[in-house]
Amino acid sequence: MEKLPPKKNFSEWYHELIQRAEIMDVRYPVKGLYVWYPFGFRIRKSVYGILREIMDREHEEVYFPALIPETELGKEGEHIKGFENEVYWVTHGGKDELDVKLALRPTSETAMYPMFRLWIRSHADLPLRVYQVVNTFRYETKHTRPLIRLREITSFKEAHTIHATFEDAEEQVRKAVAYYREFYDRLAIPYLICKRPEWDKFPGAVYTIAFDTVMPDGKTLQIGTVHNLGDNFARTFDITYETPDGEHSFAYQTCYGISERCIAALISVHGDDLGLVLPFEVSPVQVVVIPVLYKGREGEVLRVAREIGEELKKYRVVVDESEERPGAKYYRWELRGAAVRIEVGPREVEEGTAVVSFRDEKRKFKVEKEKIPEMIEQWGEEMRERLYIRALNSMKEKIVLCESLDEVESHVRNGVVFTYLCDSERCGERLDEFGSVLGEVIESPVSFEGEGRCVVCGKEGKLNAVARTY
RNA sequence: GGGGCCGUGGGGUAGCCUGGUGAUCCUGCGGCGUUCGGGACGCCGUGACCCGAGUUCAAAUCUCGGCGGCCCCA
């Protein structure tokens, strides 16, 4: 097996790793569409398992159609303006042209909200909280990249909620942010939380809060968004409810989403020159047992290796009985991000021990064989903590506070710039020349004063993040 | 939005400028044997010129178009 390109050549590394670790097959003959390999799909399954577990606490899972009639998609003015250039249209059924064109959903507000209008009658129907995990389509014209910029987003988890009052919607936004925090904490992925500037919010929203993580090359990746929609969509789609005293009132809505970019972040943030590094909880191979086979000793070694595998069967375990030499097996499973490796050879069989090592460390150590099952969980959690600290430190290194436009211009090439910015779109546009304004910093691993002089015009400004983005 | 580069076995490549050889090398994959504590070795086998049109006696190589990929600038 050939070596992977070093991670410092991030683009190359990412592309090769995705293919070689069998996450996505990038050879599908349509731009921007990729195939999930079985191995990649197992990562997706465990990551989305966590997301579903979190969502299921107070949302119901639903499924809405992928096709949206043009008449509904076009109702909300700002919304359609934001998406019209990237919508795929279904124009024909067989040979007949359709009377009303059908859009492949770029997102599902306009599929859901006409139905919510029928579902919501009274205050007793509120709040309504649902989510779905679906594919969405966007005709991307820039470079597409597996898991990051797609024409078919295959794994869009979108939640939609409806409330009686703006304050209730505000409260839901806070909860959604907390859910996403928990999700990314479990994946050991650090993030910035920003309030997107007015000109970059979700089309149709009152405001947008976004999670961004920092990739190895210093560009940021948006990995989650939370939108307070106010009553904008309720007014467009006529979603009203009857209050306890018989009045009719428009409802207030939120929506928030996470796509397979969370998996792109997982791979990019933790991976190393040898391949995938995945937290124990989501690795498709949580434990790999490697028997070290010597001529004449194969039987006993294999027997013990299988025993260990059997005792750990509540985890995702592989006992690698293939004919390769141990070294080749180590590299193979390191590429695939097996979290814990257990080696058993003739020596260990005699001692009743095994050699244990973790994917994120060079260290190897001996453990009594019987102790392994009770230690696994703890090792997994310790590994998650190590990964998180390492990722956090590397993110902190890439954030710099800048107090002049020259500094912004030079630093944004290598990472994230924090600087002060007033509310004017003009000043924002000036910064957008260097990268993208991510917005007002709400939460960050690096803290600076929240207010200062706008780096462009010198008026009162707030702490904002600027970065090159994916 | 503008510009540039590229498409060769499963992956990565040489060859293309200057048309003509049995299309190069690494890797992977299958088989056999000797091995096995960080990418073993030997032997055998497998497998490619993106698609279409054109120029030509002859096209991986030249021209045009399509599709796909990468990079730079705004």
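Once the Cβ-Cβ distance of A:Ser394 and A:Ser447 is raised to the sixth power relative to R0 = 22 Å, the FRET efficiency obtained is 0.80.
Put the Cα centre of region A:15-48 next to the Cα centre of region A:315-362 and the gap is 25 Å. Less than 5 angstrom separates the built amide H of A:Val277 from those of A:Gly271, A:Asp272, all sequence-distant by 5 or more or on a different chain. Solvent-free Debye calculation, one equal scatterer per alpha-carbon of region A:238-285: log10 I(q)/I(0) at 0.15, 0.17, 0.18, 0.22 Å⁻¹ equals -0.57, -0.63, -0.67, -0.85. The residue among A:Cys422, A:Leu274, A:Leu150 whose Cα reaches farthest toward the positive pole of the charge dipole of chain A, with charges on the beta-carbon of Lys, Arg, Asp and Glu, is A:Leu274. Under 5 Å between amide hydrogens, built in the peptide plane, is the criterion, and for A:Ile442 it picks out A:Ile193, A:Cys194, A:Lys195 among residues at least 5 positions away or on other chains.
Rounded to the nearest whole Hz, the Karplus-based 3J(HN,Hα) values (6.51 cos²θ - 1.76 cosθ + 1.60, θ = phi - 60°) of region A:334-344 follow the sequence 5, 3, 8, x, 4, 6, 10, 10, 10, 9, 10, with x at glycine and proline.
Pairs exceeding 18 Å between alpha-carbon atoms, taken from A:Lys329/A:Lys364; A:Lys3/A:Lys295; A:Lys101/A:Lys201: A:Lys3/A:Lys295; A:Lys101/A:Lys201.
Rounded to whole Å, give me the distance from the Cα center of region A:49-114 to that of region A:124-139. Cα centroid of region A:49-114 versus Cα centroid of region A:124-139: 10 Å apart.
Kirkwood hydrodynamic radius computed over region A:11-148 comes to 17.9 Å, based on all pairs of distinct alpha carbons. Across chain A, the relative contact order, built from alpha-carbon pairs under 8 Å that are at least six residues apart, equals 14 percent. Residues whose amide H falls under 5 Å from that of A:Val90, counting only those 5 or more places apart or on a different chain, are A:Leu102, A:Ala103, A:Leu104, with hydrogens built in the peptide plane. Here the Karplus curve 6.51 cos²θ - 1.76 cosθ + 1.60, taken at θ = phi - 60°, turns the phi angles of region A:216-229 into couplings of x, 8, x, 6, 9, 10, 6, 10, x, 9, 10, 10, 9, 8 Hz, with x standing for Gly and Pro.
Shape summary: region A:362-470 maps onto an equivalent ellipsoid whose semi-axes, from the alpha-carbon gyration tensor, are 43, 13, 10 Å in decreasing order.
Compactness of region A:10-270, taken as the C-alpha radius of gyration over 2.2 N^0.38 Å, stands at 1.04. Among the chymotrypsin sites (Phe, Trp or Tyr not before Pro) in region A:305-355, none sits in a DSSP loop with a Cβ that has at most 11 other Cβ atoms within 10 Å.
With both labels modelled 7 Å from their Cα along Cα-to-Cβ, the A:Glu171 to A:Leu67 distance reads 4.1 nm.
Restricting things to Cα coordinates, could you compute the convex hull volume per residue of chain A in Å³?
170
A simple rule links phi to the HN-Hα coupling: the Karplus curve 6.51 cos²θ - 1.76 cosθ + 1.60 with θ = phi - 60°, which for region A:320-328 gives 8, 8, 5, 7, 5, 6, x, x, 5 Hz, with x for Gly and Pro. For A:Lys369, a cut-off of 17 angstrom between C-alpha atoms picks up these aspartates and glutamates, skipping any fewer than 8 places away in its own chain: A:Glu300, A:Glu307, A:Glu310, A:Glu311, A:Glu343, A:Glu348, A:Glu350, A:Glu351, A:Glu377.
Across region A:287-383 the C-alpha pair distances fall into 5 Å bins from zero in the proportions 3, 14, 28, 27, 20, 8, 1, 0 percent.
Bear in mind that the values in this text are calculations on the coordinates, not laboratory data. Keep in mind the model is a prediction, meaning the values are calculated, not measured. When we count neighbours, we look across all protein chains shown, and the Cβ atoms used for this are built from the backbone with ideal geometry, even at glycine.
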